[in-house]
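Participant: Here you go, one structure.
The values are calculated or read from the model by the stated rules, or taken from the named source; none is laboratory data. Being a predicted model, the structure only gives us computed values, none of them experimental. Here the Cβ positions follow ideal geometry from the backbone for every residue, glycine too, while neighbour counts run over all protein chains shown.
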Amino acid sequence: MSEYKKAPEGLDVARTLDAKGLSCPMPLLRTKKEIGKINSGEILEVLGTDPGSRNDIPGWCARAGHEYLGEIEDEGFIRFYIKKK
Amino acid sequence: MSESIMSEKVKNFFKILCQTEWNATVSGIIVALFSILIMAWWRPWGAVGAVRNWGEWILYGVGIFSHKPGAVLFSSGSVIGIGFLAGAFISACLGNDFSFKFPPPWELVKAVIAGILMGVGAAFAGGCNVGGMYNAIGNLAANGFTMWLGLVIGVILGLKYIYWEMEHITWGTSGGKNIDFPYALKIIIGIAAFVAVIWGAYHYADMSDEYKASLSGILLISAGLGYTMQRGRWCMVQAFREPHMTGDCTLAKSVALSILVLAVGCAVLKYAVPQRGSAVAVQSVLMDAVDELDPDEIKDEDLADAVEDVVDASEQAVVAARRVLDPVNYVRGTFGWGGILGGFIFGLGAMFAGGCGTGTLWRVGEGQIKLWLVVPFFGISNAIMVHWFKAIHMEGVGPMHEGSKLGKHIYLPDALGYGGTIALIIFAMVVWYIIVDWNEDSNKLIVEM
């Protein structure tokens with residue numbers, strides 16, 4: 001629970017992807033697709049409910065070279081922040 | 001001073017046990033351990049057995065099936081499913097993973113398709129990914145390898161479908177909802193479920209019927225499996241999918257290792273226990289003693305009857321001891337096209353579902369409504385297929401599946417000996433491990449979006 005990286009508040013988000021209710025592997029695949037729609041250096045915010053995303057997203061970021069900024073727990077879902085390389 | 005360190009340690013212990021996600025490799029080893037334990041108890045575990053039983057009840061309830069299915073609380077397959085769900089539910093509650101996660105409508109359509117495909121695939125392969133592949137290889141059955149191959153192909157095709165779908169289908173792809181509860185409430189419900197499982201196990205154990213009493217251990221070990229798999233998010237379809245999707249091979253390696261440990265454990269049980277079992281020893285001593293006696297010399301009728309009863313009982317005990325680790329368990333007549341086709345259809349279905357047989361069940365335990373819809377369709381389609389296959393003797397007759405049209409029934413030690421079998425399984429799992437590890441860096445097997 002507390003070993004997941006926490007993102008700072010108030011990030012300047014270029015685009016938001018609503019992946020709430022989606023389960024494995026859709027949140028990650030949607031993220032992969034959505035990141036293609038923003039520019040390098042911009043931040044993508046992903047809203048999700050699948051606990052698996054808390055590992056899948058940072059893991060994929062590390063592999064793909066994007067910067068994983070962390071997550072913020074909200075009411076009944078989680079916000080993930082990714083900075084495109 | 002020492003009290004606050006102690007309370008810190010106790011808190012940390014429960015955090016690791018109930019809240020932190022367990023590492024995949026460790027989870028795989030624990031799953032293999034529980035799998036060996038339940039085999040030693042008296043039977044290997046599986047997922048489709050439970051789901052099919054519940055599917056049969058649905059079909060019986062609407063009048064399509066006329067034959068009353070086995071009791072939900074007293075069929076071992078169903079009890080395994082109940083225990084597994086309970087364990088996963090307990091883990092999800094204590095770890096704050098449980099909430100009702102409603103997916104967008106298109107995901108529900110995929111859930112129905114997934115259930116049907118998985119039910120059909122499991123019928124051809126003689127089991128789902130657990131009974132047809134994991135516990136099949138684990139039980140030293142050749143058909144485990146054919147389903148493995150089918151799964152690889154089915155998952156790759158499923159991944160290509162998902163990519164196609166993301167480009168071309170927009171209807172019903174957003175609008176998911178989450179209904180959550182306070183964590184404190186989840187902890188209370190989780191503990192209540194835990195108490196219920198323990199109570200259930202004691203209740204079974206108190207029953208006079210030996211079979212029913214044995215369900216106590218089945219329930220507990222299955223709950224342990226469900227707990228471990230949810231806690232570690234251990235999913236076999238992820239093992240087959242991730243190397244082709246992101247290159248990540250953590251799950252694949254852990255499944256390979258888990259199968260290896262399971263197979264070795266199973267080989268030890270199946271080879272050694274029937275030979276050393278006390279029932280066999282007692283019987284041989286008894287037969288020696290009885291040989292000395294001439295039954296016709298026994299004037300006392302009661303004594304003669306008693307001797308006969310004792311001999312009968314010891315013979316039954318030997319049969320029971322041998323049946324416990326019956327090599328026939330989980331060896332199916334599907335080593336051939338049946339296993340491959342079954343694995344292919346099942347793998348494709350698992351990609352639609354987003355979980356394999358067990359992944360589906362533990363996701364049910366954490367409130368993923370999409371998977372709640374997969375289960376009944378999985379059960380109904382598998383019940384129909386299995387009943388049809390039985391009627392046409394698709395998998396042959398008898399426990400040795402003589403005349404199976406789906407493939408051969410091969411218990412590997414019969415063909416290669418126990419040593420050869422273990423060598424083969426080690427070799428296969430090591431090759432799998434090395435290939436996915438190589439792919440993680442070379443990315444040669446990744447299916448592009």
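Participant: Provide a single number: the residues in the stretch B:137-156 that are β-branched (Val, Ile, Thr) and more than 18 Å from the chain's Cα centre (by Cα). Don't jump to the end; show me each part of the working.
Facilitator: Step one: of the stretch B:137-156, the residues β-branched (Val, Ile, Thr) are B:137, B:146, B:152-153, B:155-156.
Cutting the leftovers down to more than 18 Å from the chain's Cα centre (by Cα) gives us B:152-153, B:155-156.
So the answer is 4.
Participant: Restricting attention to the stretch A:40-49, which residues are more than 10 Å from chain B (Cβ to nearest Cβ) and in contact with a Phe, Trp or Tyr (Cβ under 8 Å, 6 or more places away or on another chain)? Break it down into steps so the answer makes sense when it comes.
Facilitator: Residues of the stretch A:40-49 that are more than 10 Å from chain B (Cβ to nearest Cβ), as a first pass: A:40-46.
Hits for the stretch A:40-49 are A:Ile43, A:Leu44, A:Glu45, A:Val46.
Participant: Please indicate, with yes or no, whether at least one residue in the stretch B:310-330 is at pLDDT 80 or above, surrounded by 18 or more Cβ atoms within 10 Å (Cβ to Cβ) and not hydrophobic (A, V, I, L, M, F, W, C).
Facilitator: Yes; the residues of the stretch B:310-330 include at least one that is at pLDDT 80 or above, surrounded by 18 or more Cβ atoms within 10 Å (Cβ to Cβ) and not hydrophobic (A, V, I, L, M, F, W, C).
Participant: Here's a follow-up. What pairs come out if I take residues in the stretch B:118-136 that are over 18 Å from B:Ala239 (Cα atoms) and pair them with residues that are of a type in the set (Asp, Glu) whose C-beta lies under 8 Å away, six or more apart or interchain?
Facilitator: That search, which allows pairs on different chains as well, returns B:Gly126/B:Glu395.
Participant: Go through the stretch B:16-30 and count every residue that is charged (D, E, K, R) and surrounded by fewer than 14 Cβ atoms within 10 Å (Cβ to Cβ).
Facilitator: Qualifying residue count for the region: 0.
Participant: Yes or no: B:Ala123 of a type in the set (A, V, I, L, M, F, W, C), surrounded by 24 or more Cβ atoms within 10 Å (Cβ to Cβ) and under 23 Å from B:Gly379 (Cα atoms)? Before the answer, list the steps.
Facilitator: On the way: of a type in the set (A, V, I, L, M, F, W, C): yes; surrounded by 24 or more Cβ atoms within 10 Å (Cβ to Cβ): yes; under 23 Å from B:Gly379 (Cα atoms): yes.
Spelling it out, B:Ala123 is indeed of a type in the set (A, V, I, L, M, F, W, C), surrounded by 24 or more Cβ atoms within 10 Å (Cβ to Cβ) and under 23 Å from B:Gly379 (Cα atoms).
Participant: Within the stretch A:1-19, restricting attention to residues that are more than 12 Å from the chain's Cα centre (by Cα) and within 10 Å of another protein chain (Cβ to nearest Cβ), which residue is nearest to B:Gly367 (Cα to Cα)? Spell out how you get there, then give the answer.
Facilitator: Let us first name the residues in the stretch A:1-19 that are more than 12 Å from the chain's Cα centre (by Cα), namely A:1-4, A:8-12, A:14.
Then drop every residue that is not within 10 Å of another protein chain (Cβ to nearest Cβ), which leaves A:1-4.
Details: A:Met1: 19, A:Ser2: 22, A:Glu3: 23, A:Tyr4: 22 Å.
Taking the candidates together, the pick is A:Met1.
Participant: Out of A:Lys84, A:Lys32, A:Lys37, I need the residue that is basic (Lys, Arg) and in contact with a Lys or Arg (Cβ under 7 Å, 6 or more places away or on another chain). Which one? I'd like the intermediate steps shown before the answer.
Facilitator: Values: A:Lys84 fails: in contact with a Lys or Arg (Cβ under 7 Å, 6 or more places away or on another chain); A:Lys32 fails: in contact with a Lys or Arg (Cβ under 7 Å, 6 or more places away or on another chain).
Result: A:Lys37 is the single residue among A:Lys84, A:Lys32, A:Lys37 that is basic (Lys, Arg) and in contact with a Lys or Arg (Cβ under 7 Å, 6 or more places away or on another chain).
Participant: Within the stretch A:50-85, restricting attention to residues that are under 23 Å from A:Asn39 (Cβ atoms), without any contact (Cβ under 8 Å) to a residue 40 or more places away in the chain and charged (D, E, K, R), which residue is nearest to the other protein chains (Cβ to nearest Cβ)?
Facilitator: This residue is A:Arg63.
Participant: Which condition breaks for B:Ser4 when tested against (1) of a type in the set (S, T, N, Q); (2) at pLDDT below 95; (3) under 22 Å from B:Arg233 (Cβ atoms)?
Facilitator: The one condition B:Ser4 does not meet is (3).
Participant: Additional query: Counting only residues that are within 14 Å of chain A (Cβ to nearest Cβ) and at pLDDT below 95, which one in the stretch B:392-441 is nearest to B:Gly265 (Cα to Cα)?
Facilitator: Looking at the filtered set, the residue picked out is B:Glu440.
Participant: Sticking with this one: Is it the case that the stretch A:62-78 has a residue that's within 28 Å of B:Phe240 (Cα to Cα), among the hydroxyl-bearing types (Ser, Thr, Tyr) and part of a helix (DSSP H, G or I)?
Facilitator: So far as the stretch A:62-78 goes, no, none of its residues is within 28 Å of B:Phe240 (Cα to Cα), among the hydroxyl-bearing types (Ser, Thr, Tyr) and part of a helix (DSSP H, G or I).
Participant: Sticking with this structure for a sec: Is there any pair linking a residue in the stretch B:163-186 that is closer than 18 Å to A:Leu47 by Cα to one that is part of a loop (DSSP other than H, G, I, E, B) and among the polar types (S, T, N, Q), with Cβ under 8 Å and at least six apart or on different chains, and which?
Facilitator: B:Gly176/A:Thr49; B:Asn178/A:Thr49; B:Asn178/B:Ser99; B:Ile179/B:Ser99; B:Asp180/B:Ser99
Participant: Please verify whether B:Gly398 is over 25 Å from B:Ala252 (Cβ atoms) and more than 24 Å from the chain's Cα centre (by Cα), treating the condition exactly as stated.
Facilitator: no
Participant: Restricted to the stretch A:22-39, and to residues that are within 7 Å of chain B (Cβ to nearest Cβ) and more than 25 Å from B:Gly367 (Cβ to Cβ), which residue is nearest to the chain's Cα centre (by Cα)?
Facilitator: A:Lys32
Participant: Residues that are within 14 Å of chain A (Cβ to nearest Cβ) and of a type outside the set (Lys, Arg): list the helices (runs of 4 or more DSSP H) wholly contained in the stretch B:4-115 that include at least 2 such residues.
Facilitator: On the way: elements: B:24-41, B:48-61, B:76-94.
Helices (runs of 4 or more DSSP H) meeting the threshold: B:24-41, B:76-94.
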